[in-house]
Amino acid sequence: MNKIYVILAVCLAFISCDDKAIVVQDSSGRLNDILIVIENSDWDGALGDSIRKEFARPLDGIVREEPMFTLNHVKPSAFKGMLKKSRNYLLVKRSDSSGVSIKKDVYANPQLGIIVRGKDKKELARVISENADNMIAVFNQGEVERKQYLMDKVALNTDRLKERFGFDIIIPRAYRFATYNGEIDNNFFWLRRDIKEGTMDLMIYEVDRNRIKRSDSTVLDIVKVRDSIGAIKILTDGGPFQTEPAFSPFLNESQIDGNFAFETKGTWEIKDMFVAGPFVNYAIYNKQKDNWLIIEGYVSAPSSAQRNYLFEIEAILKSVRFVEPDKEE
């Protein structure tokens, strides 16, 4: 099992069962915002720097740096009223014991709170550094689930994808099925969403198992696959749609609906044109078909911040749920 999923399972096991939830109202807060509850002097010093270093770290695959989360600070005495109903909060407190605990839906619903404890600044900084990846994974999972919940309320009919590939997926109605030269290709699906700054696009197709091998050259295999498909299927006003050769994509092993997957994040470009943007690609091994299902999303919005667009794509791709053959109608 991928390490991150083991970490996530362990983190969720930390959720306190002693604190009974006091749900008084729906939570508030924008997606990917975290309220940091810490004394002003600590926030302005080295301890605050430790928090910003971890939770505002740059996103992989975006050339122009953007933080993973937007951090808002409040001192503990002000953590009350509406602020206490923030959907995500990180509370830093001094204690005789050190560690991390997770509180779910204590003051509002849905809500995720993480409590970091330590006897002094040095101890708190150590706890944050050692548990940062775990805490980020928990916050990210909660935000993805929230985004999927919201998208499902305005979901596009994706029966054609279910019939062709055997999976359900949550895609908002803001996307449309695009065509290639006016024709529908049943082996390659291209979905597009117009945004003020450009477009957000999804690609879905399959390739033979031998096209991508688990080895030191896996990322090269994935780049070859996406470039060969992009050059043919994605229409441009210039050269081929391809992976930016100057930046090596980030590659991680992951899972989608319990199936092994390679997660690739990088930058796409149109050759010989000043057009580029971030992409997220999942190559999911489909045991039933013994092949790779490729689902990818990319953003073309060069003049705007792209984190939230990329996050929506991530939530869409992670919503894939395979349907058992005997349950298909």
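The values are calculated or read from the model by the stated rules, or taken from the named source; none is laboratory data. As the structure is a prediction and not an experimental result, all values here were calculated from the model. Note: ideal-geometry Cβ built from the backbone for every residue, glycine included; neighbour counts use all protein chains shown. What goes into the accessible areas is simple: the full protein's heavy atoms, side chains included, and nothing from ligands, DNA or RNA. Shrake-Rupley method; radii C 1.70, N 1.55, O 1.52, S 1.80 Å.
Being touching a Phe, Trp or Tyr at 6+ places or on another chain (Cβ under 9 Å), at pLDDT 95 or above, open to solvent by 20 Å² or more (accessible area, probe 1.4 Å) and closer than 16 Å to ASP33 by Cα is a property that holds for ASN140. Residue check: TYR309 meets all listed conditions (1) part of a loop (DSSP other than H, G, I, E, B); (2) farther than 17 Å from ASP227 by Cβ; (3) in contact (Cβ under 8 Å) with a residue 60 or more places away in the chain; (4) among the aromatic types (Phe, Trp, Tyr) but one, namely (1). Just so you know, in the stretch 240-272 the residues that are of a type in the set (A, V, I, L, M) and over 23 Å from GLN288 (Cα atoms) include one that is surrounded by the fewest Cβ atoms within 10 Å (Cβ to Cβ), and it is ALA246. Considering only the stretch 106-140, state which residues are under 21 Å from the mean Cα position of the chain (by Cα) and among the acidic types (Asp, Glu). ASP133, the sole residue that qualifies. If we scan the stretch 74-81, do we find a residue that is under 27 Å from the mean Cα position of the chain (by Cα), modelled with pLDDT of 95 or more, open to solvent by less than 40 Å² (accessible area, probe 1.4 Å) and farther than 17 Å from ALA125 by Cβ? Yes - at least one qualifying residue is present in the stretch 74-81.
Residues are listed down the side, and each one gets a yes or a no for (1) modelled with pLDDT of 90 or more; (2) part of a strand (DSSP E or B); (3) within 14 Å of the chain's Cα centre (by Cα); (4) of a type in the set (Ser, Thr, Tyr):
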{"position": "PHE247", "(1), (2), (3), (4)": "no, no, no, no"}
{"position": "ASN252", "(1), (2), (3), (4)": "yes, yes, yes, no"}
{"position": "GLU263", "(1), (2), (3), (4)": "yes, yes, yes, no"}
{"position": "TRP268", "(1), (2), (3), (4)": "yes, yes, no, no"}
{"position": "PRO278", "(1), (2), (3), (4)": "yes, yes, yes, no"}
{"position": "ALA283", "(1), (2), (3), (4)": "yes, yes, no, no"}
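Comparison of ILE51, ILE34, ILE62, ILE114 shows that the only residue that is closer than 30 Å to GLU263 by Cβ, outside any strand (DSSP E or B) and at pLDDT 95 or above is ILE51.
Would you mention how many residues in the stretch 73-97 are outside any loop (DSSP other than H, G, I, E, B) and either of a type in the set (A, V, I, L, M, F, W, C) or touching a helix residue (DSSP H, G or I) at 6+ places or on another chain (Cβ under 8 Å) (or both)? So the count comes out to 11.
Yes/no per residue for (1) under 24 Å from ASN187 (Cα atoms); (2) in contact with a strand residue (DSSP E or B) (Cβ under 9 Å, 6 or more places away or on another chain); (3) free of Cβ contacts under 8 Å to residues at least 60 places away in the same chain:
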position	(1), (2), (3)
PRO240	yes, yes, yes
PHE250	no, yes, no
GLN255	yes, yes, no
ALA261	yes, yes, yes
LYS265	yes, yes, no
GLU269	yes, yes, yes
LEU293	yes, yes, no
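Condition check ((1) under 22 Å from LEU71 (Cβ atoms); (2) touching a strand residue (DSSP E or B) at 6+ places or on another chain (Cβ under 8 Å); (3) surrounded by 14 or more Cβ atoms within 10 Å (Cβ to Cβ)) across all residues:
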| site | (1), (2), (3) |
| --- | --- |
| LEU90 | yes, yes, yes |
| ILE102 | yes, yes, yes |
| ARG117 | yes, yes, yes |
| SER129 | yes, no, no |
| ARG146 | yes, no, yes |
| LYS162 | no, yes, yes |
| ASP168 | no, yes, yes |
| ASN187 | no, yes, no |
| ARG192 | no, yes, yes |
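In the stretch 229-238, the qualifying residues are those that are small (Gly, Ala, Ser) and in contact (Cβ under 8 Å) with a residue 12 or more places away in the chain, and the one that is surrounded by the most Cβ atoms within 10 Å (Cβ to Cβ) is GLY230.
Considering only the stretch 221-228, I want to know if a residue exists there that is closer than 17 Å to ASN281 by Cβ, open to solvent by 70 Å² or more (accessible area, probe 1.4 Å), among the basic types (Lys, Arg) and without any contact (Cβ under 8 Å) to a residue 24 or more places away in the chain. Yes: the stretch 221-228 contains one or more residues that are closer than 17 Å to ASN281 by Cβ, open to solvent by 70 Å² or more (accessible area, probe 1.4 Å), among the basic types (Lys, Arg) and without any contact (Cβ under 8 Å) to a residue 24 or more places away in the chain.
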